[in-house]
Amino acid sequence: MDSQKSLSIYIPLYNEEEGVENLSIKLKLVEKELGVVSKFKIILIDDGSTDNTLKKLHHFFSAEKYKILSHKENKNLGGFLKTALSDCETEYISFLDSDCSYSPQLLVSMFKKSLEGFQIVNASPYHPNGNVKDVGEIRLFLSKSINYIYGIILKRKIYTTSSICKIYETELAKKINITRDNFVAITELFTKSLTLTNKIYEYPCELKPREYGKSKMNIFSNIFDHIKYLFHLYKFI
């Protein structure tokens, strides 16, 4: 067991009280498998929720293998990533949505890829072997178009940049200065990390609609934020 690599899984939650119990069920289904391939811990970060999310987290995640952190006010995904990276002390760090649109099961097979020497393993529903379920055509077109442009700027073949479900070598991820506050912060960490390594694996997967609650993302506002970040990235490179 001492030879196992260590992995921290960070999950952000903001007003997600409807889905906390479902998240606990889904995580319990894969914990045994995760324990076979890693020494793992799961950290849930309540991002200033105004509903009963934090209360439910303490109820459903009271076991010692879980850790609960809480922001007094909402810091969005940029704040979540900064908190996670500052807190992480394991060799690998991963991120997962609380709504299970990316199956927690993915982390088992993705971490096996990390152990093959990849510094970044990226859940990629837009990969030719991936799948997107029940996502509107407009959102799909806009998302794929933005990802294509990122690939041009980085001069890399990239299918998906915006999925939160990723695993990084912690040492690599901690080198990135995150300047974005919103959903684009996920892409910023990924794209800037790509400038430091070629050891990346895009893992084909399925993106499903969330099972509980409502998405906090406005697709058109998000695309506009990506466009602004594209200019920032171009200057950064």
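The values are calculated or read from the model by the stated rules, or taken from the named source; none is laboratory data. As the structure is a prediction and not an experimental result, all values here were calculated from the model. Here Cβ is always computed from backbone atoms with ideal geometry, including for glycine, and neighbour counts include all displayed protein chains. Protein only, heavy atoms only, side chains kept; ligands, DNA and RNA dropped before computing areas. Shrake-Rupley method; radii C 1.70, N 1.55, O 1.52, S 1.80 Å.
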| task | Quick one: work out the % antiparallel among DSSP beta bridges in the chain, nearest 5. | result | 20 percent
| said: Filter Lys175/Lys235; Lys32/Lys133; Lys166/Lys208; Lys65/Lys199; Lys5/Lys28 down to the pairs with a C-alpha to C-alpha distance above 24 Å, please. | reply: Lys32/Lys133; Lys65/Lys199
| remark: Reported to the nearest 10 Å², Leu140 has, with a 1.4 Å probe, an accessible area equal to 40 Å²
| task | Compute the accessible area per residue over the chain, keeping the other protein chains in place, probe 1.4 Å, unit Å². | result | 50 Å²
| query | Does region 40-96 come out rounded, prolate or oblate, given a ≥ b ≥ c as the square roots of the eigenvalues of its C-alpha gyration tensor, rounded meaning a/c under 1.5 and, failing that, prolate meaning a/b above b/c? | reply | oblate
| note | Here, GluC sites (Glu not before Pro) of region 24-96 satisfying both criteria (DSSP loop; at most 12 other Cβ within 10 Å) are Glu64, Glu73, Glu89
| Cα-only radius of gyration and Dmax that characterise the chain, units Å | 16.8, 48
| request: For the chain, give the percent of accessible area contributed by carbon and sulfur heavy atoms, probe 1.4 Å, rounded to a whole number. | output: 51 percent
| query | Can you give the convex hull volume per residue for the Cα atoms of region 1-127, as a whole number of Å³? | reply | 112 Å³
